[in-house]
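Read the structure below first, then the notes.
The values are calculated or read from the model by the stated rules, or taken from the named source; none is laboratory data. All values derive from a computational prediction rather than experimental measurement. Please note: Cβ atoms are built from the backbone with ideal geometry, for glycine as well, and neighbour counts cover all protein chains shown.
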Amino acid sequence: MLKTIIKRPVLATVISVLLVILGIVGMVSLPITKFPDIAPPTVMVTAAYPGANAETIARSVAPPLENAINGVENMDYITSTASNDGTLSITVIFKLGTDPDQAAINVQNRVAQVTNQLPAEVIQAGITTVKRQNSMIAMVSLTSKDGKMDDLFLENYAKINIVPDLKRVKGVGDAMVYGNKDYSMRVWLDPNKLTSYNLTPSDISRAIQTQNLEAAPGRFGERSKEAMEYVLRYKGKFTEPEQYENITIKALSDGSVLKLKDVAKVEFGAYSYTVSSNFNKKASVTMAIFQMAGSNANEVQIALQERMKELEKSFPEGMAYEIPYATKEALDQSIDQVIHTLIEAFILVFIVVYIFLQDFRSTLIPAIAVPVSIVGTFFFMNLFGFSINILTLFALVLAIGIVVDDAIVVVEAVHAKMEHKKLNPRAATMSAMSEITGAIVSITLIMSAVFVPVAFMSGSTGLFYQQFALTLAIAIVISAVNALTLSPALCAIFLKQHHPETHEKMNFKDRFFAGFNASFNKLTFRYGKAILFLLKRKWVAGIIIVAFGGLFVWMSMTTPKGFIPDEDQSFIIVTANLAPGASKDRTTKVVSDTEDLLMKNPAVEKVISVDGLNLFSGSMSSSAASIFVKLKKTEQRGNVRNINDIIGQVQGTLSQDKRANFLVIVRLQTNLDILV
């Protein structure tokens, strides 16, 4: 087979060209992300019990749902959060590899089995079961430039006109608004008046439900002898506060009628006032955009920005939007840095090989083999469902130094045959390949055996490094294929016998190589003497080994550890928690003061606050708040530029405010899976 390839180099060329074409196709279609997707499938069940507190929900709503969901197929664990705003969130975490769509169906079936055990108000409000997207790639803030639009209008405009459009962007898994200020008719009851008329809130609710309803009144004249039929029209549910105010509650003993406006104030407002948002101290609404698994993060964000520009054309006058957080900038920087490293590594390898082989034709063979191996790897990455991320690109950077070895081995072996046995290139290639084929195969198996076991590690760590290990192993295997096909064919074509030079005058290249060879020979001689010294005094070698072993252990123990290093994405998060039960007004005042402090910091560019959002529990609470801070570019931050120093500075400043507990962080993993 090898002789056929050497005699017919077209076959080897076809194999390599096919690998390159398949690799290019795979590279174009591969999704681009920062890290591999390691988050387990998550399904969230949400129920609402209007007016109930956390204790009531935990007693009457949570147990039936938790008992029904517990033990669903492939479930890993389950968490639930009951809030005083009347909501219950149950998060079901599944084992890695579980189909999220099937998991959502299984949970929905379990929930349907116990709906008859839940309070009627919960069933009426509805129970939602959705699979949670784990990768938030952008935040969009909607603001009023002139301050004429309040957060109620902004939020409802976003939910009606923007969120549905963003959900249709290819690659967007979910788009959600922080808050629940849907347009609603608010009925504020007066307890004293209710007592005087011997009424309860349930009496008011019953009156509203019986008089404010949708109905199908039918028609007149059907199957009659009349000339005309009349379809009855009913105005439907009330839409104005005045209509609600005139709802009859009951008849009084004096013959008069008690109406709703006599015992309550009716206004057109929001469903819930627990959450409010500000952008640089202006009323706003904040939307979170989540990426669909397997999509291209860069393409999704580009399409998202284009869609927002289109939607902006139809905005009411005075409305504007900002994208304070997007992973595209950090992702582009990270990918660009790795790509630059990849190019630099290839150039350095080419230079080093040329210096040592000292022949351009010989250097060209490894230079051709390396891109074939690297590009061909993308085809198998696509085949295995990988993505282009920092780990896979880092694997390709390492692969450059490894895959070039096989080509160098072939070139060196052929050179040796041509120099010592005076064979022509084709004969030298056949002779050399008959001797080194087994060595190349064994080297490939050994190198692959080093990385392949990493792919079989369990848990998130194994899944995280699986793509790195297999990408590197694939590149090594492809390099072996090249070493047995393309490299021998190129050796037979490119290499030539070197004849000794007869002229005495040497050019710059010859002088450089002569000096390099002399220096390298001296270094090799000294290295040999050092080895002889250690062979005669083995105890010295033992001391060196022990010293380096001790240094390794000490550095392993003292070096900071972490799963993913904290990176400067010019974005930090501040969480604030007041005393339990603190009112929304108290929280808003604390957040307002915190915003003032943050905006005075020269490193801060934008501040987005969400009052009422507790990131740690993933729930809504009047005593909690979350503040998202967009930092300026590194060179514009003033004296303090390092993000860890900025975090320490901000933490120290905010810790002086004893009204709340503040925590400043870079990245947070929560039930909302924000900023993974």
A careful count of residues in region 1-60 that are in a strand (DSSP E or B), touching a Gly at 6+ places or on another chain (Cβ under 7 Å) and among the β-branched types (Val, Ile, Thr) gives 0
Output yes when any residue across region 232-247 is of a type in the set (Val, Ile, Thr), touching a residue at least 24 places away in the same chain (Cβ under 8 Å), within 25 Å of Thr143 (Cα to Cα) and touching a helix residue (DSSP H, G or I) at 6+ places or on another chain (Cβ under 7 Å), and no when none is. no
Leu11 vs (1) under 30 Å from the mean Cα position of the chain (by Cα); (2) in contact (Cβ under 8 Å) with a residue 40 or more places away in the chain: all pass except (1)
Screening Ala469, Ala489, Ala530 for residues that are under 30 Å from Ala427 (Cα atoms) and either in contact with a strand residue (DSSP E or B) (Cβ under 6 Å, 6 or more places away or on another chain) or at pLDDT 85 or above (or both) leaves only Ala489
In region 302-318, anything in contact with a Gly (Cβ under 9 Å, 6 or more places away or on another chain) and surrounded by 14 or more Cβ atoms within 10 Å (Cβ to Cβ) is listed as Ala303, Leu304
All-but-one check, Glu605 against (1) within 25 Å of Thr327 (Cα to Cα); (2) free of Cβ contacts under 8 Å to residues at least 60 places away in the same chain; (3) not in a strand (DSSP E or B), failing number (3)
Within region 492-515, the count of residues that are in contact with an Asp or Glu (Cβ under 9 Å, 6 or more places away or on another chain) and either surrounded by 16 or more Cβ atoms within 10 Å (Cβ to Cβ) or at pLDDT 85 or above (or both) comes to 1
Worksheet item: Are any of the residues in region 537-548 assigned to a loop (DSSP other than H, G, I, E, B) and either within 39 Å of the chain's Cα centre (by Cα) or touching a residue at least 24 places away in the same chain (Cβ under 8 Å) (or both)?
Response: no
With criteria (1) in a helix (DSSP H, G or I); (2) of a type in the set (A, V, I, L, M, F, W, C); (3) out of contact with any Pro (no Cβ under 7 Å at 6 or more places or on another chain), Val353 comes up short on (3)
Considering region 1-13, residues that are aliphatic (A, V, I, L, M) and surrounded by 13 or more Cβ atoms within 10 Å (Cβ to Cβ), and then whichever is farthest from Ile478 (Cα to Cα), we arrive at Ile6
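A quick yes/no check of all residues on (1) surrounded by fewer than 12 Cβ atoms within 10 Å (Cβ to Cβ); (2) outside any helix (DSSP H, G or I); (3) out of contact with any Lys or Arg (no Cβ under 8 Å at 6 or more places or on another chain); (4) not β-branched (Val, Ile, Thr):
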position	(1), (2), (3), (4)
Asp146	yes, yes, yes, yes
Met149	no, yes, yes, yes
Leu152	no, no, no, yes
Ile160	yes, no, yes, no
Pro164	yes, no, yes, yes
Ser202	yes, no, yes, yes
Thr210	yes, no, yes, no
Pro217	yes, yes, no, yes
In region 113-135, anything in a helix (DSSP H, G or I) and in contact with a helix residue (DSSP H, G or I) (Cβ under 9 Å, 6 or more places away or on another chain) is listed as Thr115, Asn116, Gln117, Val122, Ile123
Ala518 vs (1) outside the structural domain of Gly612 (by TED's automatic domain parsing); (2) surrounded by 11 or more Cβ atoms within 10 Å (Cβ to Cβ); (3) small (Gly, Ala, Ser): all pass except (2)
Of the residues in region 252-268, those that are assigned to a strand (DSSP E or B) and either at pLDDT below 90 or acidic (Asp, Glu) (or both) come to Glu267
Determine whether Thr429 is more than 27 Å from Phe378 (Cα to Cα), in a helix (DSSP H, G or I), in contact (Cβ under 8 Å) with a residue 40 or more places away in the chain and assigned by TED's automatic domain parsing to the domain that holds Leu383. yes
From the option list Val441, Val481, Val450, Val454, single residue qualifying as without any contact (Cβ under 8 Å) to a residue 60 or more places away in the chain and either surrounded by 15 or more Cβ atoms within 10 Å (Cβ to Cβ) or of a type in the set (Gly, Ala, Ser) (or both) is Val454
Exactly one of Tyr321, Tyr354, Tyr325 is under 30 Å from Asn517 (Cβ atoms), among the aromatic types (Phe, Trp, Tyr) and surrounded by 15 or more Cβ atoms within 10 Å (Cβ to Cβ), and that one is Tyr354
By residue number, the members of region 634-649 that are of a type in the set (S, T, N, Q) and in a helix (DSSP H, G or I) are Thr634, Gln636, Asn644, Gln649
Looking across region 608-620 at residues that are part of a strand (DSSP E or B) and farther than 16 Å from Lys589 by Cβ, the single one that is farthest from the chain's Cα centre (by Cα) is Met620
Out of (1) over 30 Å from Ile390 (Cα atoms); (2) surrounded by fewer than 20 Cβ atoms within 10 Å (Cβ to Cβ); (3) in contact (Cβ under 8 Å) with a residue 60 or more places away in the chain, the one Phe35 does not meet is (1)
Flagged pairs (Cβ under 9 angstrom, 6 or more apart or on separate chains; first in region 183-203, over 18 Å from Glu245 (Cβ atoms); second surrounded by 12 or more Cβ atoms within 10 Å (Cβ to Cβ) and among the hydrophobic types (A, V, I, L, M, F, W, C)) are Ser196/Val263; Thr200/Leu194
The lone condition Asp585 fails out of (1) surrounded by 15 or more Cβ atoms within 10 Å (Cβ to Cβ); (2) part of a helix (DSSP H, G or I) is (1)
Confirm whether Val172 is closer than 19 Å to Tyr325 by Cα, among the β-branched types (Val, Ile, Thr), under 29 Å from the mean Cα position of the chain (by Cα) and modelled with pLDDT of 90 or more.
no
Exactly one of Ala518, Ala483 is over 30 Å from Gly26 (Cβ atoms), modelled with pLDDT of 85 or more and not in a loop (DSSP other than H, G, I, E, B), and that one is Ala518
Conditions (1) touching a Lys or Arg at 6+ places or on another chain (Cβ under 9 Å); (2) surrounded by 19 or more Cβ atoms within 10 Å (Cβ to Cβ); (3) within 30 Å of Ser387 (Cα to Cα) -> Leu65 fails only (3)
| said: Given the condition more than 29 Å from the chain's Cα centre (by Cα), modelled with pLDDT under 85 and on the phi > 0 side of the Ramachandran plot, answer yes or no: does some residue in region 123-133 qualify? | reply: no
